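Working notes, beginning with the structure itself.
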């Protein structure tokens with residue numbers, strides 16, 4: 001006797017679909033590894049709790065761009081995300097800051113911390129002189145804020161110049177050593193290895209009056225086709241320009257000046273050490289970022 005299928009039987013087809021990052025809520029993806037270097041005995045002997053040590057490691061990993069972008073992305077994520085994942089209290093974070101193991105960098109564009117040299121020592125992440133500070137590697141005391149600016153600018157150059165078949169730029173090198181005493185935050189090179197674009201990621205702080213003219217002179221001296229300055233805010237762009245208009249020493253580096261209500265994208269600069277000055281948010285919001 002032939003059995004007929006029941007009318008209620010439903011045919012099920014399984015369709016395979018490739019994974020897409022856009023299909024996932026990143027808030028559901030925590031950091032998956034810490035790789036804390038300390039042994040159990042070292043953690044027990046430390047004056048800091050396991051959660052504080054883990055948070056220092058998480059911040060350091062974040063500022064070193066060690067995480068997959070789905071876990072933590074320095075270009076888009078507040079470090080409060082790391083704090084929530086590790087489960088460390090705000091009071092415990094404040095204790096790390098007060099002990100100079102952690103520095104509160106900025107709240108713009110979002111909260112960023114930096115692990116200080118003392119903090120690196122506590123978690124066993126001390127730099128190796130001559131190995132970690134080298135051509136293509138960041139400075140010893142580089143902040144998360146500066147790493148953010150450099151990485152955003154690097155991606156911008158890759159997208160706008162390297163990917164452009166009409167551009168002479170073939171390679172983008174962060175932390176490019178000009179010589180033993182001078183370094184560019186980023187150099188965009190042609191196939192001959194010549195610097196076609198120089199980039200300075202400028203954090204405005206207490207030494208702006210001397211640091212900015214020095215950086216300008218450094219980049220003007222190598223005579224690239226273009227010099228781009230990346231700053232954290234619109235106000236920073238005006239602060240940098242004002243210093244170059246009225247330096248403490250020497251003649252003005254840039255003659256043009258603008259009212260502080262003028263947006264940086266409206267600047268028309270064509271000086272040897274400055275062709276454009278761009279707030280980091282403008283680069284972060286570029287298509288493809």
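The values are calculated or read from the model by the stated rules, or taken from the named source; none is laboratory data. Note that the coordinates shown come from a computational prediction; the quantities given were computed from them, not determined experimentally. Backbone-built Cβ (ideal geometry, glycine too); neighbour counts: all protein chains shown.
Collect the residues in the range 103-112 that are crowded, with 16+ Cβ neighbours inside 10 Å, out of contact with any strand residue (DSSP E or B) (no Cβ under 6 Å at 6 or more places or on another chain) and free of Cβ contacts under 8 Å to residues at least 60 places away in the same chain, keeping them in residue-number order. If the condition is that a residue be crowded, with 16+ Cβ neighbours inside 10 Å, out of contact with any strand residue (DSSP E or B) (no Cβ under 6 Å at 6 or more places or on another chain) and free of Cβ contacts under 8 Å to residues at least 60 places away in the same chain, then 111 is the only one that fits. In this entry, residue 149 is excluded by the filter for residues that are part of a strand (DSSP E or B), within 30 Å of residue 112 (Cα to Cα) and within 23 Å of the chain's Cα centre (by Cα). Picking from residues in the range 74-102 that are within 16 Å of residue 33 (Cα to Cα) and free of Cβ contacts under 8 Å to residues at least 24 places away in the same chain, the one that is surrounded by the most Cβ atoms within 10 Å (Cβ to Cβ) is 81.
Tell me whether the range 14-35 contains one or more residues that are modelled with pLDDT under 95, surrounded by 17 or more Cβ atoms within 10 Å (Cβ to Cβ) and either part of a helix (DSSP H, G or I) or out of contact with any strand residue (DSSP E or B) (no Cβ under 8 Å at 6 or more places or on another chain) (or both). Yes: one or more hits. Being part of a helix (DSSP H, G or I), in contact (Cβ under 8 Å) with a residue 12 or more places away in the chain and closer than 26 Å to residue 160 by Cα is the requirement here; does residue 239 meet it? Against the criterion (part of a helix (DSSP H, G or I), in contact (Cβ under 8 Å) with a residue 12 or more places away in the chain and closer than 26 Å to residue 160 by Cα), residue 239 does not qualify.
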